[in-house]
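Participant: Provided herewith is a single structure, encoded as structure tokens, for subsequent inquiry.
The values are calculated or read from the model by the stated rules, or taken from the named source; none is laboratory data. Just so it is clear, the structure is predicted and the values come from calculations on it, not from any experiment. In this analysis, Cβ positions are derived from the backbone assuming ideal geometry, glycine residues included, and neighbour counts consider all displayed protein chains. Ligands, DNA and RNA are stripped out before the accessible areas are found, and what is left, the full protein with its side chains, is counted by its heavy atoms. Shrake-Rupley method; radii C 1.70, N 1.55, O 1.52, S 1.80 Å.
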Amino acid sequence: MDFILEINKSIGEVVWGWPMLILLLGTGLLLSSITRFTIIRKFAYIIKSTLFKMFKKDAGGDGEVSAFQAVSTALAATVGTGNIAGVSLAIAVGGPGAVFWMWLSAILGMTTKFSEVALAVTYRVKNDDGSFSGGPMYYIQRGLGHKGLAKIFALFGACASFGIGCMTQSNSIAEALNVSFGANKTIVGVVLMVLAGVVILGGIKRIGAVAEKLVPLMALLYIVGALAIIFININQVPHAFGLIFGSAFTGHSAVGGFAGSTLKMAMRNGIARGVFTNEAGLGSAPIAHAAATTDHPVRQGMWGVFEVFMDTIVICSMTALVVLVSGVWNSGLQGAALTTAAFQQGFTGGQYIVSVGLTLFAFTTILGWSYYGEKCTEYLLGKKAVMAYRILYIPLVLVGSIGGLQTIWAISDTLNGLMALPNLIALVLMSKVVVNLVQDFFKDPERVRTSEEEYLGAVPEKYQPK
């Protein structure tokens, strides 16, 4: 087992290191360039079409859940412990300048996530029972014709879901509730297992229905708490931005309990947090978006942009600003402990915002990733394997809460990163499809398409669904 863990560690250092960061950012830059930075140029329209139409009934098209339920499911899986602990860790190791690089990676990641979602809708399939299946495994197979590469992605995704999406999340919840309220970890695990089971066994429709209510609530709770601290320390906000931009290209010298950082450390930690919290390029979120009711891939792709914006630009930035304006960023603390100290410094009882936020963030991640894992399993083994997957996934919520099977956590973390490789290959090779879809949609963005043939006509013959 030690030998396996050593191999896993070596692979993980590459997968979650500079090579992958460069590949992820490079793909985002390539897609942004060839689409002529449409996401940035049309950003106001995108926000108008998503944030301001959040609860509006879908205009038309096929799908299994509403566009907002789809993005809520994706956000449920994406907004997790990284938004609370990961951002603080980036600042503690890379300094305030890491926040700038986090923002940059998010800007490029918007186009990457947009492209993933658009391709997922384009190449999704409608099953005999009326449900939809889609994601990287489908656009790799149906667009590129590489079934082997598609199976590799699905295998990585299914296996990764047990660790990164399930056990690590339930463990974070149990730890947070134990520290803040003295809750018994086993009892917490049993409650989580039952609640998760009730939702997961209902499939995407129940997950989407729960996510569309829980995600806005948890985000609002955390953002309001963060804004309260920021306004209390409003005089420190200019200084916080000064720290961010001032050390973005120079690093930051040692001060207080902060050991100091270089430009390389700021870049590495900031980019990593931006990429790994919004999951742009990993290929996970498109699986949920593929079930959305929409009349055009680009229309749903805009929800992918909204997802990255909300996750990184809004929620992660809230954490970063609270940590910086509270003055505890250089205390020597890291991760969730640093975020907790920052909120506690902000106002009495502020630490409970972190505990409740982390609990909700992690619980919804369990729900979202269960869907990702089951769709990957369905692709590999067929519809009949879905129930078996759920029966295996749900008890692992309890196992994770008491700290079990940590070896699986480590391996699944590596597999989570490996998911990106086949997905990024597909995004680069199919970039022409994204360009054509963008051009087709923005000729008349307000027109509702009544059939998929209307947008499939924009797909080059080479990449027509196979």
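Participant: Solvent-accessible area per residue for the range 42-130 at a 1.4 Å probe radius, Å²? Don't jump to the answer; show the numbers that get you there.
Facilitator: Details: 2780 Å² over 89 residues.
On a per-residue basis, the range 42-130 sits at 31 Å².
Participant: Over the Cα atoms of the range 234-384, compute the convex hull volume and normalise it per residue, giving Å³. Don't skip to the answer; put the middle values down first.
Facilitator: Numbers: hull volume 23.7 nm³, N = 151.
Value for the range 234-384: 157 Å³ per residue.
Participant: Another one. Nearest 20 debye, what's the magnitude of the dipole of the chain about its Cα centre given +1 on Lys and Arg Cβ and -1 on Asp and Glu Cβ? Show your work: numbers first, answer last.
Facilitator: Working: 32 positive and 25 negative charges, 96 e Å.
The calculated dipole for the chain is roughly 460 debye.
Participant: Could you sort the peptides 28-36, 300-308, 379-387, 433-441 by per-residue average Cβ neighbour count (10 Å cutoff), highest mean leading? Spell out each step's value before the answer.
Facilitator: Working: 28-36: 18.4, 300-308: 28.1, 379-387: 14.2, 433-441: 20.7.
Highest mean packing first, the order is 300-308, 433-441, 28-36, 379-387.
Participant: If you count only protein heavy atoms and use a 1.4 Å probe, how large is the accessible surface of S253, to the nearest 10 Å²?
Facilitator: Probe radius 1.4 Å; accessible area of S253 about 80 Å².
Participant: Here is a follow-up. Could you pull the Cα extents of the range 189-255 along its three principal axes, largest to smallest, in whole Å?
Facilitator: 51, 25, 23
Participant: Sorted from largest to smallest, which semi-axis lengths in Å does the alpha carbon gyration tensor of the chain give for its equivalent ellipsoid, taking the root of 5 times each eigenvalue?
Facilitator: Values: eigenvalues 220, 131, 91 Å².
Each semi-axis is the square root of five times an eigenvalue, giving 33, 26, 21 Å.
Participant: Hey, what angle do you get for helix 350-381 against the long axis of the chain, alpha-carbon based, 0 to 90 degrees rounded to 10?
Facilitator: 30
Participant: While we're looking at this one, here's another question. At 222 nm, what value in deg cm²/dmol follows for the chain if DSSP H runs of at least 4 each add -39500 (n - 2.57) and the sum is divided by all its residues, to the nearest 500?
Facilitator: Working: 24 runs with 320 residues, N = 466.
Result for the chain, helices only: -22000 deg cm²/dmol.
Participant: Relative contact order, percent, of the range 59-166 when contacts are C-alpha pairs under 8 Å separated by at least 6 residues?
Facilitator: 17
Participant: Per Stokes-Einstein, at 37 °C and 0.692 mPa s, what whole-number D in µm² s⁻¹ belongs to the range 41-150, with the Kirkwood radius over Cα pairs as the hydrodynamic radius? It would help to have the intermediate numbers written out before the result.
Facilitator: Values: Rh = 16.8 Å.
After rounding, the answer is 196 µm²/s.
Participant: Something else now. With everything on Cα atoms, drop me the angle between helix 18-34 and the longest principal axis of the chain, reported from 0 to 90° to the nearest 10.
Facilitator: It works out to around 50 degrees.
Participant: How far is helix 2-15 tilted, in degrees, relative to the longest principal axis of the Cα atoms in the chain, given as a value from 0 to 90 rounded to the nearest 10?
Facilitator: 80
Participant: With every protein chain kept in the model, how would you rank F162, F258 by accessible area, 1.4 Å probe, largest at the top?
Facilitator: Working: F162 35, F258 10 Å².
My answer, sorted largest first, is F162, F258.
Participant: Enumerate the lysines that K42 could reach by cross-link, defined here as Cα to Cα under 22 Å, with residues fewer than 8 away along the same chain left out.
Facilitator: Within the straight-line limit of under 22 Å, K42 reaches these lysines: K53, K56, K113, K432, K443.
Participant: While we're looking at this one, here's another question. Where does the range 351-466 land on the Kirkwood hydrodynamic radius, alpha-carbon pairs, in angstrom? List each step's numbers first, then the result.
Facilitator: Details: mean 1/r = 0.0547 Å⁻¹.
Value: 18.3 Å, from the Cα pair sum.
Participant: How high is the relative contact order of the chain, given as a whole-number percent (alpha carbon pairs under 8 Å, six or more residues apart)?
Facilitator: Details: 871 pairs, mean separation 165.4, N = 466.
Here the relative contact order equals 36 percent.
Participant: How large, in percent, is the carbon and sulfur part of the accessible surface of the chain at a probe radius of 1.4 Å?
Facilitator: On the way: 11470 of 17500 Å².
Result for the chain: 66 percent of the exposed heavy-atom area is carbon or sulfur.
Participant: How big is the accessible area of L108 in square angstrom, nearest 10, if you roll a 1.4 angstrom probe over the protein chains?
Facilitator: Accessible surface of L108 is approximately 30 Å².
Participant: Can you give the alpha-carbon Rg of the range 113-266 over 2.2 N^0.38 Å, where N counts its residues?
Facilitator: Working: Rg = 22.2 Å, N = 154, 2.2 N^0.38 = 14.9 Å.
That works out to 1.49 for the range 113-266.
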